[in-house]
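Single-structure report; data block below.
The values are calculated or read from the model by the stated rules, or taken from the named source; none is laboratory data. All figures in this text were calculated on a predicted structure; none of them were measured in a lab. Cβ placement follows ideal geometry from the backbone for every residue including glycine, while neighbour counts extend to all protein chains displayed.
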């Protein structure tokens, strides 16, 4: 996954450069073949599934579509998904800022190891991500007995869903900020401090404007994953209708009950979210590239 | 490291302290639970859980399909990256933006959408049915789902390297009498290899752990189309926590090895091309 930092470089228009020069121009049939094969692959694996979601959602008409979305269980799933994202994204935002500040602005031993550890959740299977919280907070887990005595439910309840979501979205913001802030160094912050700014003023007036696009980029990706997570949340949810079902889990339940139109209706909301995410992401990339420095 | 500058900026203790506490609470301590739980098992119990024929069959499917999917993505991802950077065609910007769809689309949505298309009454499935090709509800369905979720990786690792490439190298090859194919093979391709391998490894690592998009289309037939993450779920549903944890340990160890490999590949790519990906 290429981070935003890489896109800060000018993206050259390589297409015209190579095709203008006879020595590096490819013959017409090669061009058609490569673009044709590439687009076929793109259509079969990406475009068709996206279109299918909306076609299937509206197969039984707009009435069925909208009534599926205002079902109490559907609304409860939407609320829970929004709640999980509204908590896990700020947690990881705070973490990303703290980690990037420590790593980019100071020297300490074991820094590269720490960066590797931050990326760790990306390489863990979502199912395993759910399992680890069952082992810690589940009935037979480390704190299972204690939690039961105090009547606190984490697994098969909302806190477990928030924990699992936080785990799978853990690195998103930190990994956008760390390389960018490392590349920016600490000269500007040091200048601000030496001119008498407080630590908080420096952070707010100097650092944040410098990283705002990367920050936004990280938040967008983090939010998309938080709202769409399935595997990890599935393990800790317990699938209690109207209580512990997020939107992706609701899609699964409806689908397994052969309520295809309703399942795809809920899925279409998530697909819309994905499209909005891509549009915002493309916009942020474009802004970061055209106006990398904060404007007044 | 300059000792003078080191403490000019405030917040080192606070930011590093918070980072370490949060990392430990959310990631490290819960992950350690898997290994600690495994140590309470006897070697025999562990082996029974991770090496039963059904689990072995799931490894073969998971790793085999992940490898094939990453290979498909390496070949077609390279073609697509080449087309996107070298040839102007209508809709190129939209295609470019949609490449990242698998990162943004929830896996459950991808799973049911792919099933709808590749089932025998679906848009693509109905075309393949008369040819005797069945995709959904069997191992080929697993391959399709894993190809979908791994699609962006190779495109996004190869694309920046292609964009950075200057015309001079291929001009020099042409002036020395090389055909376009020879120039690609001998001059361009070698510079793409590190990025291509990195993209392959990223797609493979992602596919190995994938669950959501696969379970809808796979059919989940034991010994035939059951992936390893599903084995963990099944064991959990049967309250076989030890068995689930044992299989999770195997998957975690493999994930960590893949992470090390990917870090190495990324460092190699950065050295070869002078840019981080």
Practice item. Would you point out which residue out of B:149, B:112 is in contact with a helix residue (DSSP H, G or I) (Cβ under 7 Å, 6 or more places away or on another chain), part of a helix (DSSP H, G or I) and facing chain A (nearest Cβ under 7 Å)? Key: B:112
Practice item. Please list, ordered by first then second residue, the pairs with beta carbon atoms under 9 Å, 6 or more apart or interchain, first in segment B:125-136 and modelled with pLDDT under 95, second surrounded by fewer than 10 Cβ atoms within 10 Å (Cβ to Cβ). Key: B:129/B:121
Exercise for review: Determine whether residue A:63 is in contact with a helix residue (DSSP H, G or I) (Cβ under 6 Å, 6 or more places away or on another chain) and free of Cβ contacts under 8 Å to residues at least 12 places away in the same chain.
Suggested key: no
Check your understanding: How many residues does segment B:239-250 hold that are within 7 Å of another protein chain (Cβ to nearest Cβ) and either modelled with pLDDT under 95 or over 27 Å from residue B:202 (Cβ atoms) (or both)?
Key -> 1
Review point. Out of all the residues in segment B:87-109, which are assigned to a loop (DSSP other than H, G, I, E, B), free of Cβ contacts under 8 Å to residues at least 12 places away in the same chain, surrounded by fewer than 24 Cβ atoms within 10 Å (Cβ to Cβ) and in contact with a helix residue (DSSP H, G or I) (Cβ under 9 Å, 6 or more places away or on another chain)?
Key: B:87, B:88, B:89, B:91
Check your understanding: If the Cβ limit is 7 Å and pairs must be 6+ apart or interchain, which residue in segment B:11-35 that is at positive phi pairs with which residue that is buried (at least 16 other Cβ atoms within 10 Å of the Cβ)?
Key -> B:11/A:101
Point to revise | Residue tally, condition surrounded by 23 or more Cβ atoms within 10 Å (Cβ to Cβ) and without any contact (Cβ under 8 Å) to a residue 60 or more places away in the chain, over segment B:198-226 | key: 3
Review point. Scanning for something over 17 Å from the mean Cα position of the chain (by Cα) and within 11 Å of chain A (Cβ to nearest Cβ), does segment B:64-80 turn up at least one residue?
Key: yes
Study note, to complete from the structure: Only unsatisfied item for residue A:224, checking (1) at pLDDT below 95; (2) surrounded by 18 or more Cβ atoms within 10 Å (Cβ to Cβ), is (1)
Revision key, fill the gap. Inside segment B:251-266, the number of residues satisfying the requirement of being more than 18 Å from residue B:58 (Cβ to Cβ) and at the interface with chain A (Cβ under 10 Å from one of its Cβ atoms) is 6
